[in-house]
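The values are calculated or read from the model by the stated rules, or taken from the named source; none is laboratory data. Keep in mind the model is a prediction, meaning the values are calculated, not measured. Heads up, the Cβs are rebuilt from the backbone with ideal geometry, glycines too, and the neighbour counts pull from every protein chain shown.
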Amino acid sequence: MTPQDPVDSIASPLDEMERYLAVHPETEAVEFLITDTNAVMRGKWAPAGSIEKAFTSGVAFPLSMYGLDVWGREVMETGLHVDTGDRDGFCMAVPGSLRPVPWADVPTAQAILTMTTETGQPFHGDPRHALQATMARAHAAGLRPCVAFELEFYLMTAGAGETAADAFRPVLSFGDGPDRQNMYALSDLSAYAGLFADIRAGAKAQGLPIDTIISEAAPGQFEINLKHRADGLAAADDALLLKRLVQETARRHSLRATFMAKPFMPWAGNGMHLHVSMLDADGNNVFADPAKGQKTLEAAVAGLLDTMSAAMLVFVPTWNGYRRLLPGSYAPTRVAWGHNNRSVAVRIPAGEGSAMRIEHRIAGADANPYLVLAAILSGMLDGIESGRTPPPPTDRNAYEAPAPQLPDQMDEALRLFRNSDFIRRTFGVEYRAMFAAIKEAEIAAFRSEISPLERSTYL
């Protein structure tokens, strides 16, 4: 993989703001975007005059935003709420993140914010800082991660049902006969050509490097791939902004786009695959080095395999996500790797030279890209720095391979996460405890709910 052309350097934050407003003088409002622990975008709308504050003194937000569960409720066990006075932090705009909002009704800008404390220190609860720390570790080792995200989603249309299951159905599904799969169907893309054209136009306006769009493995399921970036933080930013762009554009077309990991049991789930290579100081792919590239790649693979189960809660952070991990589903179930094999957790795609890379296939599309990439890079670095050797690659059906099984229940993933030294080293003691508390609350909420199937069976 080779890096994308770098963006023009910006001399100062205020220069960025002035350049943007010179191009978009009609701007009336700004959206401040913060990604919480659960990859839910939060923030506020403000008048355009507030942009300067985001690039200078910072915009005040409560630190407790990172202590919310997936429903937006306070999780007191995180220690970020009233027991500490529910203090404010100050959020600064990420350089290069000021962009137009193509779907807005009035001319609007958006900026990604990152949290600092009252003293100006990075706040440990901000997932972006976790990735930033891991990127710094890679850079200290003379390596520059080159990353590309792939995101799957369903397009759905509203129905007349009373429940969520009845109210939304995937587009292009039929009630009679077998459900269509129609993988890689150009006709399915053509059916929604206007929507995808608007997505591409929006991506161009926002500087998102969209590559291919394909019809995926289920009715109404699609995948959008982003081009590789030599800046892992920017790549994760792109993934989050792409999800928002897809959802808002679908809304404009009277549709709903969902990145839920497993919205429909009979059909494939939504994954977030990451392609990662490592560049040296000269921009060369170290996996392609004729002398030691293969050994370095295999060491990175070994590190990923050794840390995979401990990081499972990061890759699959929702109760629903574990429904996606089924044999034959193209979502991995075992700690296995292989060449050109889509049944494994870590795939080495076909290719050679600068195209040599690792594809990590575990994460659901609802996972937090910052945390997922941080865990992947940290695992790769562990393997490279220690010179580990992986087990033999799997060349057949990995679902039947004699390899350890990945955690298939959220509570087991939580136990491994909580007790992992790898997680402690990657994210820190405070973040490990905070994330675990949030996910424990999520598990408790689902365990306290009695399903309609239980009632229909046992009443």
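When the stretch 415-430 is examined, which residues are found to be in a helix (DSSP H, G or I) and either crowded, with 20+ Cβ neighbours inside 10 Å or not hydrophobic (A, V, I, L, M, F, W, C) (or both)?
Hits for the stretch 415-430 are Arg415, Phe417, Arg418, Asp421, Phe422, Ile423, Arg424, Arg425, Thr426, Phe427, Glu430.
All but one of (1) polar (S, T, N, Q); (2) assigned to a loop (DSSP other than H, G, I, E, B); (3) farther than 30 Å from Arg144 by Cα hold for Thr37; state the number of the condition that does not hold.
For Thr37, the failing item is (3).
For the stretch 341-359, give me the residue count where each residue is of a type outside the set (Ser, Thr, Tyr), at negative phi and in a helix (DSSP H, G or I).
Selection size over the stretch 341-359: 1.
Within the stretch 323-335, identify whether any single residue is part of a strand (DSSP E or B), more than 24 Å from Pro127 (Cα to Cα) and in contact (Cβ under 8 Å) with a residue 60 or more places away in the chain, and answer yes or no.
From the stretch 323-335, those part of a strand (DSSP E or B) are 334; that's our starting set.
Still in the running and more than 24 Å from Pro127 (Cα to Cα): 334.
Among the residues that remain, those that are also in contact (Cβ under 8 Å) with a residue 60 or more places away in the chain are: 334.
There is at least one residue in the stretch 323-335 that is part of a strand (DSSP E or B), more than 24 Å from Pro127 (Cα to Cα) and in contact (Cβ under 8 Å) with a residue 60 or more places away in the chain.
Any chance you could count how many residues in the stretch 128-144 are in contact with a strand residue (DSSP E or B) (Cβ under 6 Å, 6 or more places away or on another chain) and in contact (Cβ under 8 Å) with a residue 60 or more places away in the chain?
Total satisfying the criteria: 4.
When you scan the stretch 340-397, how many residues do you find that are charged (D, E, K, R) and touching a residue at least 60 places away in the same chain (Cβ under 8 Å)? Walk me through how you get there before you give the answer.
As a first pass, look at the stretch 340-397 and keep what is charged (D, E, K, R): 342, 347, 352, 357, 359, 361, 366, 382, 385, 388, 395-396.
If we keep only those that are touching a residue at least 60 places away in the same chain (Cβ under 8 Å) as well, we get 352, 357, 359, 361, 366, 382, 385, 388.
So the answer is 8.
Kindly provide the set of residues from the stretch 68-109 that are under 30 Å from Leu21 (Cα atoms), over 19 Å from the mean Cα position of the chain (by Cα) and either part of a strand (DSSP E or B) or of a type in the set (Ser, Thr, Tyr) (or both), ordered by number.
Passing the criteria: Asp88, Gly89, Phe90, Cys91, Met92, Ala93, Arg99, Pro100, Thr108, Ala109.
Looking at Gly338, Gly379, Gly383, can you tell me which residue is in a strand (DSSP E or B) and buried (at least 19 other Cβ atoms within 10 Å of the Cβ)?
On inspection, the qualifying residue turns out to be Gly338.
Could we say that Ala160 is modelled with pLDDT under 95, out of contact with any helix residue (DSSP H, G or I) (no Cβ under 6 Å at 6 or more places or on another chain) and under 23 Å from Pro317 (Cα atoms) here?
Taking the combined requirement at face value, the residue does not satisfy it.
If I ask for residues that are more than 23 Å from Glu442 (Cβ to Cβ) and either among the β-branched types (Val, Ile, Thr) or surrounded by 24 or more Cβ atoms within 10 Å (Cβ to Cβ) (or both), which ones from the stretch 293-315 would you list?
Result: Thr296, Leu297, Ala300, Val301, Gly303, Leu304.
What tally of residues in the stretch 301-321 results from selecting those that are assigned to a helix (DSSP H, G or I) and under 15 Å from Phe259 (Cβ atoms)? Talk me through it step by step, then tell me what you get.
Step one: of the stretch 301-321, the residues assigned to a helix (DSSP H, G or I) are 301-307, 312-315, 320-321.
Checking which are under 15 Å from Phe259 (Cβ atoms) leaves us with 315, 320-321.
Selection size over the stretch 301-321: 3.
When you check Ala433 against the structure, is it in a helix (DSSP H, G or I) and touching a helix residue (DSSP H, G or I) at 6+ places or on another chain (Cβ under 7 Å), yes or no? Spell out how you get there, then give the answer.
Numbers: in a helix (DSSP H, G or I): yes; touching a helix residue (DSSP H, G or I) at 6+ places or on another chain (Cβ under 7 Å): no.
In short, no.
List the number of the failed condition for Gln221; all other conditions in (1) at pLDDT below 95; (2) closer than 20 Å to Leu33 by Cα; (3) polar (S, T, N, Q) hold.
(2)
Got a sec? Which of Ile214, Ile199 is aliphatic (A, V, I, L, M), modelled with pLDDT under 95, over 30 Å from Ala133 (Cα atoms) and within 22 Å of the chain's Cα centre (by Cα)?
Ile214
Under 6 Å between Cβ atoms, at least 6 apart or on separate chains: pull out the pairs that start in the stretch 196-220 with a residue that is in contact (Cβ under 8 Å) with a residue 24 or more places away in the chain and under 23 Å from Thr108 (Cβ atoms) and end on any residue that is part of a helix (DSSP H, G or I) and of a type in the set (Asp, Glu).
Leu208/Asp238
Among the candidates Glu359, Glu400, which residue alone is surrounded by fewer than 23 Cβ atoms within 10 Å (Cβ to Cβ), at pLDDT 95 or above and not basic (Lys, Arg)?
Within the list Glu359, Glu400, the selection yields Glu359.
Quick one: count up the residues across the stretch 70-92 that are buried (at least 18 other Cβ atoms within 10 Å of the Cβ) and over 17 Å from His124 (Cα atoms).
1
Right, Thr114: part of a loop (DSSP other than H, G, I, E, B) and among the β-branched types (Val, Ile, Thr) or not?
no
What's the total number of residues in the stretch 341-356 that are closer than 15 Å to Pro393 by Cα and surrounded by fewer than 23 Cβ atoms within 10 Å (Cβ to Cβ)? It would help to see each step written out before you state the result.
So the first thing to find is which residues in the stretch 341-356 are closer than 15 Å to Pro393 by Cα, and the list is 341-350.
After this cut, where a residue has to be surrounded by fewer than 23 Cβ atoms within 10 Å (Cβ to Cβ) as well, the list is 341-342, 348-350.
Selection size over the stretch 341-356: 5.
Given the structure, is Leu143 within 20 Å of Leu242 (Cβ to Cβ), modelled with pLDDT of 95 or more and not polar (S, T, N, Q)?
No, not satisfied.
Inspect all residues belonging to the stretch 244-255 and state whether any of them is in a loop (DSSP other than H, G, I, E, B), among the basic types (Lys, Arg) and either in contact with a strand residue (DSSP E or B) (Cβ under 6 Å, 6 or more places away or on another chain) or at pLDDT below 95 (or both).
No, because not a single residue in the stretch 244-255 is in a loop (DSSP other than H, G, I, E, B), among the basic types (Lys, Arg) and either in contact with a strand residue (DSSP E or B) (Cβ under 6 Å, 6 or more places away or on another chain) or at pLDDT below 95 (or both).
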